[in-house]
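Undergrad: One structure is given below, represented as structure tokens, and several questions about it will come after.
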Amino acid sequence: MALQASFLLPALSARKEGKVSNVVKESAFLGASLREQHKSGLLVPVLRTQRGLVVKAVSVAEPAQGVREASLQGKKVLRQGVVVITGASSGLGLATAKALAETGKWHVVMACRDFLKAETAAKSAGMAKGSYSIMHLDLASLDSVRQFVHGFRQSGRPLDVLVCNAAIYRPTARTPTYTADGYEMSVGVNHLGHFLLANLLLEDLKKSDYPSRRLIILGSITGNSNTLAGNVPPKAGLGDLRGLAGGLSGMTSSAMIDGGDFDGAKAYKDSKICNMLTMQEFHKRFHEETGITFASLYPGCIATTGLFREHIPLFRLLFPPFQKFITKGFVSEEESGKRLAKVVSDPSLTKSGVYWSWNKDSACFENQLSQEASDSAKAQKLWEISAKLVGLA
């Protein structure tokens, strides 16, 4: 979703040194068992049930999970849906979690790296107790992704919708930082972490009895070269994927997917192409067999989001008014959250393999992806290489 600084002012391309991540230490937090998390109050209590169990009443404050139907006064009613949202402690993720939780029709699992930040954010947003739970997920560690999936299954909840939203953007980084598994950070978190998570949780989506199961991966206008923003240097481009095939290590191969010199802004844009290609490959491989809806979207330019926190101060100062008054592309976090919530739950948006966008009248429409972002051969090659890197092949 980030627009490159040069779109506003070429002079804003000043860079700073990146810092080595500390993801290994953070991932160790998962050593606590679910029961210990429950006692500490960090994980909302869950109800362990078996699929097929009939419950006479469902409480919105403390919903029963994992049941096919709820019977209320002799009438069959649709059970509460369960949606997992990555990066739900701030920005678009939090706004979406709030929008869905407020309907009373969804229980939101906030998959976040920082428990306390997520809990504070949920309370500040006014999310009702029992409408959400928080589980630790560090997408910069493939072990953390696997532990999250294990923990989610232990909770006894079904999975009806997965939203791959979390992202990092380091436009001023002069040198790459790396995930716990040794991959360049932007692609490692934005693409590879989500790639593993979505593949592992696909089995849970298949088992869901919810009427409309969905897997949603956030795209970006910056990864589409058929847009003005997508043509702002540095332009996204995956090349022949030689850097990705080499492991993005920066030592034995380039840290960039296309094998070129490192550029923090391009690394983010490349990761968003990967997200959109991944969605389409999921659709091609699994939609007909499973009926699951696979979709991507660009909810608009959220110029005030924390995604820009590593940009230079002048950019953060000027970018919001530039988007509001010049491009007219500005979208508030609240509005963007409602848009993503619509893609999660609206019965009219069940078409699979689609990239959703909104016009200036806030009307949703099926947008066209760029030639590279819709290249089926590249999507297949990306899938195969990614599967090897995350240990699925």
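The values are calculated or read from the model by the stated rules, or taken from the named source; none is laboratory data. Owing to the predicted nature of the structure, the values given are computational and were not obtained by experimental measurement. Don't worry about glycine lacking a Cβ; one is built from the backbone with ideal geometry, like all the others, and counts go over all protein chains shown. We work out accessible area using only protein heavy atoms, side chains counted, and drop any ligands, DNA or RNA first. Shrake-Rupley method; radii C 1.70, N 1.55, O 1.52, S 1.80 Å.
Undergrad: Condition check: at negative phi, in contact with a strand residue (DSSP E or B) (Cβ under 7 Å, 6 or more places away or on another chain) and open to solvent by 10 Å² or more (accessible area, probe 1.4 Å). Does P176 satisfy that?
TA: The answer is yes for P176.
Undergrad: Here's something else I'd like to know. Of all residues in the stretch 375-384, which are in a helix (DSSP H, G or I) and crowded, with 17+ Cβ neighbours inside 10 Å?
TA: Initial filter on the stretch 375-384 (in a helix (DSSP H, G or I)): 376-384.
Listed by number, the residues that qualify are K378, A379, K381, L382, W383.
Undergrad: Further question: Within the stretch 245-277, how many residues are without any contact (Cβ under 8 Å) to a residue 40 or more places away in the chain and β-branched (V, I, T)?
TA: The number of residues fulfilling the criteria is 1.
Undergrad: A further question follows. Say whether the condition of being modelled with pLDDT of 90 or more, open to solvent by 60 Å² or more (accessible area, probe 1.4 Å), of a type outside the set (D, E, K, R) and not in a strand (DSSP E or B) is met by at least one residue in the stretch 317-330. Show your work before the answer.
TA: Restricting attention to the stretch 317-330, the residues satisfying the condition of being modelled with pLDDT of 90 or more are none.
There is no residue in the stretch 317-330 that is modelled with pLDDT of 90 or more, open to solvent by 60 Å² or more (accessible area, probe 1.4 Å), of a type outside the set (D, E, K, R) and not in a strand (DSSP E or B).
Undergrad: Got a number for residues in the stretch 339-369 being surrounded by fewer than 18 Cβ atoms within 10 Å (Cβ to Cβ) and in contact (Cβ under 8 Å) with a residue 60 or more places away in the chain?
TA: Here the count works out to 4.
Undergrad: Does E334 satisfy the criteria of being assigned to a helix (DSSP H, G or I), modelled with pLDDT of 95 or more and acidic (D, E)?
TA: When the stated conditions are applied, E334 does not pass them.
Undergrad: Return the residue satisfying two criteria in turn: it lies in the stretch 137-152 and is in a helix (DSSP H, G or I), under 17 Å from the mean Cα position of the chain (by Cα) and of a type outside the set (S, T, Y), and of such residues it is farthest from G188 (Cα to Cα).
TA: Checking each candidate, the answer is F152.
For (1) touching a Ser or Thr at 6+ places or on another chain (Cβ under 6 Å); (2) open to solvent by 30 Å² or more (accessible area, probe 1.4 Å); (3) at pLDDT below 95, each residue gets a yes or a no:
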| residue | (1), (2), (3) |
| --- | --- |
| T227 | no, yes, yes |
| V232 | yes, no, yes |
| A236 | no, no, yes |
| D240 | no, yes, no |
| S253 | no, no, yes |
| N275 | no, no, no |
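Undergrad: Could you tell me whether any residue of the stretch 199-220 is over 16 Å from A111 (Cα atoms) and of a type in the set (V, I, T)?
TA: No, there is no match, as no residue in the stretch 199-220 is over 16 Å from A111 (Cα atoms) and of a type in the set (V, I, T).
Undergrad: Just the residues that are over 15 Å from T96 (Cα atoms), in a loop (DSSP other than H, G, I, E, B) and either open to solvent by 10 Å² or more (accessible area, probe 1.4 Å) or touching a Leu at 6+ places or on another chain (Cβ under 7 Å) (or both), please, taken from the stretch 112-136.
TA: Within the stretch 112-136, R113, D114, K129 qualify.
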